[in-house]
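This report refers to the structure that appears directly beneath it.
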Amino acid sequence: MTIIMKILVIGATGLTGTHLLKHLLADGHEVTAFVRDPSKLSVQNPKLKVAQGEARDAASIDRAVQGQDAVISAFGPRSIKADDLQEVFMRNLVAAMTKNGVKRLVNLSAMGAGNSRAGAPFIMRKIILPLFLGKMFEDKDKGEVYLLGSTLDYVNVRPGRLTNGPARGGVKASLDYKDLKSVMSREDLALFMIAQLKNAEWVRKSPLIGY
């Protein structure tokens, strides 16, 4: 039986966020979508609330976190240029959750972030990250310092390349890339993230996921 929760979804209008909303609402949860522009939110449901805010606005994040049972963040970078957006966002989110006593955070990271870089596939490690996505991952890594150093019951999910195909199941999770194909659909990613709201296996870990 599904335990109904109050869940804040950050990045709700993104490609992964829309899958999160669909499945969370289908399961009967009370969902709050944290968005910059409410007009971009196409989903309507009696159990869906909207909280308008910005990643850099600590006060809006704090208001949205209040009263929630858990947070799922599918917040992603807006640019591959040098920025501190992800760092500032994670600092604000960790502070708000700590202040309001909300412990469970399921966060969308990426393969190659943090300590997963050393074992990443050769092309990702030697070409894609240093030549194209270095600044973006540098910002992501700085943000994860706040997350990993927090007292939250986080699950820091690290998928590889994402596709827009339907969920097919068979998702694997690992800490070392073993027997892991670094590609998956966004819908499968969303379903894995939702499962971590109550799953204790990966709490305070950063699982790599794929097929």
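The values are calculated or read from the model by the stated rules, or taken from the named source; none is laboratory data. Computed from a predicted structure; not experimentally measured. We place every Cβ from the backbone using ideal geometry, glycine too, and count neighbours over all the protein chains shown. For accessibility, only protein heavy atoms count, side chains too; no ligands or nucleic acids. Shrake-Rupley method; radii C 1.70, N 1.55, O 1.52, S 1.80 Å.
Taking only protein heavy atoms and a 1.4 Å probe, the accessible area of the chain is 53% carbon and sulfur. In a fully extended conformation the segment linking Thr151 and Val203 would gain 17.6 nm over its present Cα-Cα distance, using 0.36 nm per residue. Placing +1 on the Cβ of every Lys and Arg and -1 on the Cβ of every Asp and Glu, with no other charges, gives the range 132-211 a dipole of roughly 160 debye about its Cα centre.
With a Förster radius of 25 Å, plug the Cβ-Cβ distance of Ser39 and Asn164 into 1/(1 + (r/R0)^6) and report the FRET value to the nearest 0.05.
0.65
Shape class of the range 86-138 from the Cα gyration tensor (axes a ≥ b ≥ c, square roots of the eigenvalues): prolate, since a/c reaches 1.5 or more and a/b is larger than b/c. Look at the dipole of the range 1-127 built from charges on Cβ: of Leu105, Val31, Met5, the Cα furthest out on the positive end belongs to Leu105. Projecting label points 7 angstrom from Cα along Cα→Cβ for Gln66 and Lys142 puts them 3.0 nm apart. So which lysines can Lys135 reach, going by Cα to Cα under 18 Å and dropping same-chain residues fewer than 8 places off? The reachable lysines, counting only those whose Cα sits under 18 Å from Lys135, are Lys81, Lys126.
Rounded to the nearest 500, the 222 nm mean residue ellipticity of the chain from helices alone is -9000 deg cm²/dmol, with -39,500 (n - 2.57) taken per DSSP H run of at least 4 residues. Compute the separation of the alpha-carbon centres of the range 8-56 and the range 152-194 and state it in Å as a whole number. Here the answer is 20 Å between Cα centres. Note on the range 15-76: Rg/Rh from C-alpha atoms, Kirkwood Rh, equals 0.92. Evaluated with a Cβ-only charge set (Lys, Arg +1; Asp, Glu -1), the chain carries a dipole of roughly 300 debye about its Cα centre, given to the nearest 20.
Roughly what % of DSSP beta bridges within the chain run antiparallel, to the nearest 5?
10 percent
When only the Cβ of Lys, Arg, Asp and Glu is charged (+1, +1, -1, -1), the dipole of the range 153-194 relative to its Cα centre reaches about 180 debye.
What value in Å³ per residue do you get for the convex hull of the alpha-carbon atoms in the range 124-168? Spread over its residues, the Cα hull of the range 124-168 gives 110 Å³ apiece. Accessible area per residue for the chain is 48 Å², calculated with a 1.4 Å probe on protein heavy atoms, without ligands, DNA or RNA.
Considering only Ser185, Ala74, Gly114, the residue lying farthest towards the positive end of the dipole of the chain is Ser185, judged by Cα position with unit charges set on Cβ. Rg over Rh for the chain works out to 0.94, both radii taken from alpha-carbon positions and Rh defined as the Kirkwood radius.
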